[in-house]
Amino acid sequence: ERDARRLDLPQLQGGDPRPFEVIGIPFTEPGYHVVEIESHRLGESLLDKKAPMFVRTGVLVTNLGVHFKHGRENSLVWVTTLDFGKPVAGAEVAVNGCAGQRLWAGRTDDQGLARVPRIELEPCKDESGLFVTARKADKNGVTDTAFVFSHWQKGIETWRFNVPTSQDASPDWRAHTVFDRTLFRA
C-alpha cells in the first residue's frame with residue numbers, strides 16, 4: 001500500500017519480565033487506521049517455528065460520537081463531540097445499507113441532529129442493519145470521521161430494560177391511556 005507508514009512503538013525499558021504490557025500507539029491525526037504489529041516475542045510463544053507473529057487491527061481516532069435511532073416512520077442521527085458532549089453542526093451524515101449502498105445523505109443542523117426519512121431494512125446474508133457515518137472538517141481542513149452500526153447493542157438491548165418495541169411496519173394494535181380521574185387539580 002503506497003500510503004502505508006512505519007511507526008515505532010514505545011520500547012519497554014530494561015527487559016521487562018511481565019508477560020504482556022499495554023502501550024499506546026502514537027497516532028497524531030484523526031481517522032480510521034489499519035494497524036499491523038510485528039511481535040517476535042508473541043511469535044516465539046505461539047508459533048511452531050521461531051518466527052515473528054503479525055497482529056492486525058483497526059483503530060478509530062476521533063472526537064465525534066455518532067448516535068442513531070432507527071424508527072418505523074423516520075430515523076434520527078445525533079452527532080456530538082466526545083470531549084465535551086457538544087452538538088456538531090454541519091457534519092456530513094450518510095446512512096448505508098448492509099450491502100454498502102447509500103440510502104440517505106445529509107447534514108446535521110445547529111443542534112447536531114440529522115432527521116432521516118423512512119428507511120427500510122433490507123434482508124442481508126450475514127447481518128441486517130444500517131451503517132451510519134459522520135464526517136466534519138475542522139478549520140485546518142483535517143476531516144474527523146466516526147461511525148455506528150444500527151445493530152451494535154451489546155449490553156443495552158431493549159429487552160434488558162423492559163422497553164417494548166416492534167419492527168412491524170403496520171401494527172394491529174393501538175394504545176390509549178384511560179384515567180379514572182384526572183392527574184391535575186384546579
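The values are calculated or read from the model by the stated rules, or taken from the named source; none is laboratory data. Note that the structure is a prediction, hence the values are computed from the model and not measured. So basically every Cβ, Gly included, is an ideal-geometry build from the backbone, and we count neighbours across all protein chains shown. Ligands, DNA and RNA are excluded from the accessible area calculation, which covers all protein heavy atoms including side chains. Shrake-Rupley method; radii C 1.70, N 1.55, O 1.52, S 1.80 Å.
Got a number for residues in the stretch 48-76 being open to solvent by 50 Å² or more (accessible area, probe 1.4 Å) and without any contact (Cβ under 8 Å) to a residue 12 or more places away in the chain?
4
Please enumerate the residues belonging to the stretch 1-21 that are open to solvent by 80 Å² or more (accessible area, probe 1.4 Å) and either within 30 Å of R135 (Cβ to Cβ) or at pLDDT 80 or above (or both).
Listed by number, the residues that qualify are E1, R2, D3, R5, R6, D8.
From the residues in the stretch 116-136 that are under 18 Å from K86 (Cα atoms) and of a type in the set (D, E, K, R), which one is nearest to the chain's Cα centre (by Cα)?
First, the residues of the stretch 116-136 that are under 18 Å from K86 (Cα atoms): 133-136.
With of a type in the set (D, E, K, R) added as a condition, the list becomes 135-136.
Details: R135: 12, K136: 15 Å.
Selected residue: R135.
So is K86 within 20 Å of P30 (Cα to Cα), of a type in the set (D, E, K, R) and buried (at least 18 other Cβ atoms within 10 Å of the Cβ) or not?
no
Return the residue satisfying two criteria in turn: it lies in the stretch 97-147 and is of a type in the set (V, I, T) and in a strand (DSSP E or B), and of such residues it is most open to solvent (accessible area, probe 1.4 Å). It would help to see each step written out before you state the result.
Of the stretch 97-147, the ones of a type in the set (V, I, T) are 108, 116, 119, 132-133, 142-143, 145.
Keeping just the survivors that are in a strand (DSSP E or B) gives 116, 132-133, 143, 145.
On the way: V116: 4, V132: 0, T133: 29, T143: 58, T145: 30 Å².
Only one residue tops the list, namely T143.
Condition first: among the polar types (S, T, N, Q), modelled with pLDDT of 90 or more and in contact with a Ser or Thr (Cβ under 8 Å, 6 or more places away or on another chain). Can you find one or more residues in the stretch 149-160 that meet it?
No, the stretch 149-160 contains no residue that is among the polar types (S, T, N, Q), modelled with pLDDT of 90 or more and in contact with a Ser or Thr (Cβ under 8 Å, 6 or more places away or on another chain).
Looking only at the stretch 67-88, how many residues end up being assigned to a loop (DSSP other than H, G, I, E, B) and over 12 Å from Q111 (Cβ atoms)?
Result for the stretch 67-88: 7.
L42 passes all but one of (1) touching a Leu at 6+ places or on another chain (Cβ under 7 Å); (2) surrounded by 15 or more Cβ atoms within 10 Å (Cβ to Cβ); (3) modelled with pLDDT under 90; which number fails?
(1)
Report whether or not E29 is closer than 16 Å to A146 by Cα, loosely packed, with under 14 Cβ neighbours inside 10 Å, at pLDDT below 85 and not β-branched (V, I, T). Spell out how you get there, then give the answer.
Working: closer than 16 Å to A146 by Cα: yes; loosely packed, with under 14 Cβ neighbours inside 10 Å: yes; at pLDDT below 85: yes; not β-branched (V, I, T): yes.
So E29 passes the test.
In the stretch 20-55, which residues are in a loop (DSSP other than H, G, I, E, B), of a type outside the set (F, W, Y) and more than 21 Å from the chain's Cα centre (by Cα)?
Pass one, the stretch 20-55, residues in a loop (DSSP other than H, G, I, E, B): 20-30, 47-52.
Restricting the remaining residues to those that are of a type outside the set (F, W, Y) gives 21-26, 28-30, 47-52.
Residues satisfying the conditions are E21, V22, I23, P26, L47, D48, K49, K50, A51, P52.
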